[in-house]
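Computed from the coordinates by the stated procedures, all read-outs in this text should not be read as laboratory data. None of the values given here were measured: they were computed from a predicted structure. In this analysis, Cβ positions are derived from the backbone assuming ideal geometry, glycine residues included, and neighbour counts consider all displayed protein chains.
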Amino acid sequence: MRRLCALLLCLILLVAGCTAAPPPSFPAGEEVKTALEPVQRAAPALPIVSTLAVCGDCMSHKPQIADSLNKETGEYSYYHMFAAAAPYVTAADYGLVNLEVPLAGGPDYDGYPTFNAPDGLAYSLKEAGFDLCLTANNHSLDRGWRGLSRTLDVLDEVGLAHVGTSRTQEEYDNNIAVADVNGISIAFLGYSYGTNGIRVPKDHPYAINLFNTDYLTSLSTPDYDKMAADLAQAEALGTDMIAVLMHWGNEYQTKESKYQDTLADFLFDHGADIVLGGHSHVPQPMGFRTITDPDGSTHQGFVSYSLGNFISGQYFELTDTTAVLTLELTKDQKTGVAEVTGYAYAPMLMLNRGAGTSPRFQLLDAHNALAAGGLSATLEKRLQKAIDDCHTIFGPERDTAGQIPFVN
């Protein structure tokens with residue numbers, strides 16, 4: 001009997017052990033994830049990519065002033081002179097140009113040797129998509145202190161940032177333009193080698209950023225202490241990149257000088273990521289630079305020694321040949337490192353149709369003008385020469401061939 005009872009007890013316990021326990025209860029609306037459900041992980045942050053469009057020396061010779069005047073309205077517009085560059089500038093996230101003329105006010109507008117352009121030039125640059133002007137150059141003081149300070153007033157009114165010249169000591173002490181270029185922050189510095197022998201006003205010693213201490217004489221003694229301090233100040237701002245705009249080099253020379261190379265090396269060694277030059281009025285080489293960081297790692301920088309004239313009335317060899325340069329910038333969101341990852345240029349020719357024509361001056365996109373056809377044999381030859389000269393100086397592989405670069 002005992003054995004039978006024990007057997008029955010075991011059977012009861014066995015059945016009870018095989019019965020599933022009731023599921024736990026949860027408040028209504030709550031969901032419970034099982035252990036088998038995959039864990040959702042955030043996708044890695046994609047790199048940030050942005051672009052800079054860069055143009056060369058924006059001049060205003062006397063024939064250009066006449067060509068910009070609408071005789072019926074009395075207004076001045078330069079837009080037609082560089083309309084062909086506008087698609088490249090507006091397609092980029094930020095546009096730069098070297099404004100190499102003062103805007104001192106009329107009516108005494110004039111060209112070389114003491115320039116004074118109408119305010120319409122600034123408005124036309126804004127219309128074409130530019131964002132920042134380098135104002136430090138050898139013509140900054142052509143119309144004295146009044147011309148220099150009024151130029152900055154006009155640019156402020158138009159909505160163009162500027163770097164390189166100052167109206168006050170405070171402005172000089174903080175002469176760094178900072179821009180958010182589609183998610184990549186850049187600090188811009190600007191300098192000139194000299195002022196064409198014009199002394200910086202005694203009452204306004206802060207008027208212009210000069211990188212030579214002997215700016216009135218031999219132009220051969222760099223102010224390394226000033227540039228190093230300025231770059232340290234820019235670095236302290238914590239931007240992703242630093243770009244230095246330099247007015248330097250030898251006029252009408254298609255190869256950079258040893259002096260330019262030395263200065264570029266110094267700037268890169270002290271924190272610059274991009275160095276963009278002008279003043280030669282003819283194109284000079286460009287290319288990547290490998291920059292070594294303090295921790296021994298490297299990233300890619302860029303130097304353009306000169307793009308030549310953007311627009312001008314000059315007629316010397318190659319002064320009519322230029323390019324719109326586009327830089328691709330990439331920031332790795334994991335490491336925080338930003339660098340120049342690509343560049344391309346669009347060859348341009350400054351066409352001067354001669355006195356009595358309207359419009360007289362017009363920048364032509366060399367590839368697109370040739371593709372459109374309907375040109376004289378002489379102009380076709382000039383456009384092809386502009387392309388060939390750009391290939392010789394800049395290298396052929398970065399030519400955009402008439403297409404807007406770095407557009408997804």
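Here are a few things to note about the model shown:
- Amide proton proximity set for S185, modelled H, under 5 Å, gap of 5+: D240, M241
- Placed amide H near T341: partners under 5 Å, 5+ positions off or other chain: E328, L329, T330
- Highest-MSF residue in the chain out of L379, L329, L318 [GNM, Cα springs under 10 Å]: L379
- Residues whose amide H falls under 5 Å from that of R289, counting only those 5 or more places apart or on a different chain, are G301, F302, V303, with hydrogens built in the peptide plane.
- Taking trypsin sites (Lys or Arg not before Pro) across the range 129-211, the ones in a DSSP loop with at most 16 further Cβ atoms lying within 10 angstrom of their Cβ are R199, K202.
- Relative contact order (%) - the chain, alpha-carbon pairs under 8 angstrom, separation at least six: 16
- Under the Karplus curve 6.51 cos²θ - 1.76 cosθ + 1.60, θ = phi - 60°, whole-Hz ³J(HN,Hα) for the range 360-365, x wherever Gly or Pro sits: 8, 10, 7, 6, 10, 6
- Among the GluC sites (Glu not before Pro) found in the range 139-232, not one is both in a DSSP coil and sparsely packed, with 11 or fewer other Cβ atoms within 10 Å of its Cβ.
- Of the residues D265, D295, D119, the one that moves most in a GNM of the chain with alpha-carbon contacts below 10 Å is D295.
- Three-way shape call for the range 52-398 based on the alpha-carbon gyration tensor, with the a/c threshold at 1.5: oblate
- Ordered by the count of other Cβ atoms within 10 Å of each Cβ, fewest first, I274, I198 give I198, I274.
- Residue by residue, the range 183-196 carries 3J(HN,Hα) couplings of x, 10, 8, 10, 9, 10, 10, x, 9, 10, 6, x, 9, 6 Hz when phi is fed to the Karplus relation 6.51 cos²θ - 1.76 cosθ + 1.60 (θ = phi - 60°); x denotes Gly or Pro.
- Net dipole in debye of the range 52-398 [+1 Lys, Arg Cβ; -1 Asp, Glu Cβ; about Cα centre; nearest 20]: 980
- Top of S306, S280, S257 by mean-square fluctuation, Gaussian network on the chain, Cα under 10 Å: S257
- Cα centre as origin, Lys/Arg/Asp/Glu Cβ charges: the range 303-408 dipole, Debye: 280
- Exposure proxy ranking, count of Cβ atoms within 10 Å, fewest first, for M348, M241: M241, M348
- Taking other C-beta atoms within 10 angstrom as a stand-in for reagent exposure, I48, I65 fall in the order I48, I65, fewest first.
- Other residues lying with their Cβ under 14 Å from the Cβ of T400 contribute a combined charge of -3, Lys and Arg counting +1, Asp and Glu -1.
- Count of Lys pairs (Cα-Cα under 21 Å; at least 8 positions apart or interchain) in the chain: 4
- Residue-wise HN-Hα coupling along the range 91-99, computed from phi with Karplus coefficients 6.51, -1.76, 1.60 (Hz; x: Gly, Pro): 6, 7, 7, 7, x, 10, 8, 8, 7
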